[in-house]
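Okay, structure first, notes after.
The values are calculated or read from the model by the stated rules, or taken from the named source; none is laboratory data. Please read all numbers here as calculations on a predicted model, not as lab measurements. Here Cβ is always computed from backbone atoms with ideal geometry, including for glycine, and neighbour counts include all displayed protein chains. Heavy atoms of the whole protein, side chains included, go into the accessibility calculation; ligands, DNA and RNA do not. Shrake-Rupley method; radii C 1.70, N 1.55, O 1.52, S 1.80 Å.
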Amino acid sequence: TERTLDLRRANEELAAQRDSLEVLSAQLAKESQVKTDLLSMVNHELRTPLTSIITLAQIALDSGNADVEERKSWEEVRKSSSVLLGMINNMLDIARSDAGSMAVSSEIMDLGDIIATAQGTLGPLAINARVTLKTSVAPDVPLVYGDFEKMQRILENLGTNAVKFTASGGVVALSVSVEAETEDVLVQVSDNGIGIAEEDQERIFERFFQVDSSTTRIYGGSGLGLALVREYAVAQGFGISVESELGEGSTFTVRIPKADTVDFSEEDE
Ligand code: ADP
């Protein structure tokens, strides 16, 4: 009888545990639904109107009808909404990546196209900041396998930072080249801005890490950009690194291994 009592108690305990597990899993399901709803809300209610605002500002600027004062206002509208859109995109991407729904595709990419697209997005920001934006693609750069959209987001984030942390009169360069010894393809974003101290160079890739975040910061931002850049690079099997000197500038390098380059001579065989 003692055994039956023990068994009954054990059974009761198990039932209680199962009940609380059920409550917990119902709660989790609800929370994840809330998260999903929130994400699609942010996507539709914030991203869509912001994109229209940017387009409208661009149309107003392109029309050439605005006087100097008006142009300044439109440029400000375009800049602020692009920055906001960038932050929203980063937040959505971080949430997606946490939800395990970050899909990576492998397409044949022309890095020249990616640089041209980035130039289109960053150009207005650079003009606003009075920073010169340069681009260069070496003639021997092969096509590579990767995710076009992720590569674009990498360049967008690195380029936005480069412009943001460079004083007016500075230079930001986007370049693609082939490293002689390894034949890896290097996509680099460099600036001659404020630079990053040695001890911070690892940490800037952590989520929410910002240099000087404890003191009053003059630069805006969320601290998510570089965390995403790293996630995107790693997801495609690419390397990511930074070289920087305080007060001199920074160079961020995305390394695409030779194995990810498209070799047409091999395909013909
Ligand atoms: P944020 O939204 O703050 O730009 P990031 O993750 O993109 O977030 O960058 C993290 C931090 O790394 C920045 O806040 C800044 O302190 C530093 N940083 C990033 N890029 C540069 C750069 N090109 N020059 C100097 N500092 C940089």
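Put simply, the chain fits an ellipsoid with semi-axes of 42, 27, 20 Å; these come from the alpha carbon gyration tensor as the roots of five times its eigenvalues, largest first. Working note: 222 nm ellipticity from helices only, DSSP H runs with n ≥ 4, each -39,500 (n - 2.57), summed and divided by the residues of the chain, gives -17500 deg cm²/dmol to the nearest 500. From the cross-link list Lys164/Lys258; Lys72/Lys164; Lys30/Lys150; Lys72/Lys134; Lys150/Lys258, which pairs have alpha carbons spaced over 28 Å apart? Going by Cα-Cα distance, Lys164/Lys258; Lys30/Lys150 fall outside the 28 Å limit. Over all other residues within a Cβ to Cβ distance under 13 Å of Asn90, the charged ones net out to +2, with Lys and Arg as +1 and Asp and Glu as -1. Note that the chain presents 60 Å² accessible area per residue, ligands and nucleic acids not counted, probe 1.4 Å.
When Rg and Dmax are taken over the Cα atoms of the stretch 116-187, they come to 13.2, 39 Å. Placing unit charges on the Cβ atoms only, positive for Lys and Arg and negative for Asp and Glu, gives the stretch 69-147 a dipole magnitude near 360 debye about its Cα centre. Computed about the Cα centre, the dipole magnitude for the stretch 47-98 is approximately 160 debye when only Lys and Arg (+1) and Asp and Glu (-1) carry charge, each at its Cβ.
When nucleic acids and ligands are ignored and a 1.4 Å probe is applied, Lys134 ends up with an accessible area of around 110 Å².
Taking the 1.4 Å solvent-accessible surface of the chain as the whole, the part contributed by carbon and sulfur is 54%.
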